[in-house]
Amino acid sequence: GDSVTQMEGPVTLSEEAFLTINCTYTATGYPSLFWYVQYPGEGLQLLLKATKADDKGSNKGFEATYRKETTSFHLEKGSVQVSDSAVYFCALIPNNAGNMLTFGGGTRLMVKP
Amino acid sequence: DTAVSQTPKYLVTQMGNDKSIKCEQNLGHDTMYWYKQDSKKFLKIMFSYNNKELIINETVPNRFSPKSPDKAHLNLHINSLELGDSAVYFCASSRGEGRGTEAFFGQGTRLTVV
């Protein structure tokens, strides 16, 4: 079945460091891909998305590119801030499964001043 | 106004009890969902519901049942609660059509079964 694999955390960085959180997926056809973020004590919020190969999603300095050839959707940010500390979830919606999200296991990011 | 709201935020109850979690969305969406997040933060879809169709994740025990009195509400009923039901439950909603439609999540209900 469809699945998402992302790097295990926690990822601990100093402020202004470069961030990469790896995400790969298994799905037939061309799923839609997402990154959601969960701040402490809150629900999930959409961070960015891409719906077709080579699309780049971006928001708040975060970027991810839909790579069909490597089935990946890695999240990057050039300079993290303490306020970026959260759990990040990579997710997909398969081609033919309505709008139900399949999530990766989540990666906790901790940014230290 | 909160887009997707759930009540209660915390729920502590004993094994064997029956409980409900309420969810309301004011976004005019026609599809609503329930997700379960376990202690390791892993999220899994439980149900997807719109006015035409209920889709149930086959791994969800039949003690769990969604009830939708109208398009803006999708409540979750749980019968005969078990220790393993302890988790955070998230309600979400989205427009029913369109590729890559964003889901909006509630703040979650932390259920603890003792």
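The values are calculated or read from the model by the stated rules, or taken from the named source; none is laboratory data. Please read these numbers as outputs of a predicted model, since none were measured by experiment. Here the Cβ positions follow ideal geometry from the backbone for every residue, glycine too, while neighbour counts run over all protein chains shown.
Among the residues making up segment A:53-62, a single one is without any contact (Cβ under 8 Å) to a residue 12 or more places away in the chain and within 19 Å of residue A:107 (Cα to Cα): A:58.
Residue A:1: closer than 24 Å to residue B:33 by Cα, within 10 Å of chain B (Cβ to nearest Cβ) and either loosely packed, with under 14 Cβ neighbours inside 10 Å or aromatic (Phe, Trp, Tyr) (or both), yes or no? No.
Return a yes/no flag: does segment A:82-97 have any residue that is touching a Phe, Trp or Tyr at 6+ places or on another chain (Cβ under 7 Å), surrounded by 13 or more Cβ atoms within 10 Å (Cβ to Cβ) and not in a strand (DSSP E or B). There is at least one residue in segment A:82-97 that is touching a Phe, Trp or Tyr at 6+ places or on another chain (Cβ under 7 Å), surrounded by 13 or more Cβ atoms within 10 Å (Cβ to Cβ) and not in a strand (DSSP E or B). Is it true that some residue in segment A:70-78 is more than 29 Å from residue B:34 (Cβ to Cβ), acidic (Asp, Glu) and surrounded by fewer than 14 Cβ atoms within 10 Å (Cβ to Cβ)? There is no residue in segment A:70-78 that is more than 29 Å from residue B:34 (Cβ to Cβ), acidic (Asp, Glu) and surrounded by fewer than 14 Cβ atoms within 10 Å (Cβ to Cβ). Taken together, B:74, B:43 contain a single residue that is farther than 22 Å from residue B:16 by Cα, surrounded by 19 or more Cβ atoms within 10 Å (Cβ to Cβ) and under 11 Å from the mean Cα position of the chain (by Cα), which is B:74.
Filtered by the rule that a residue be more than 16 Å from residue A:104 (Cα to Cα), in contact with an Asp or Glu (Cβ under 8 Å, 6 or more places away or on another chain) and at pLDDT below 95, segment A:17-52 gives a lone residue, A:28.
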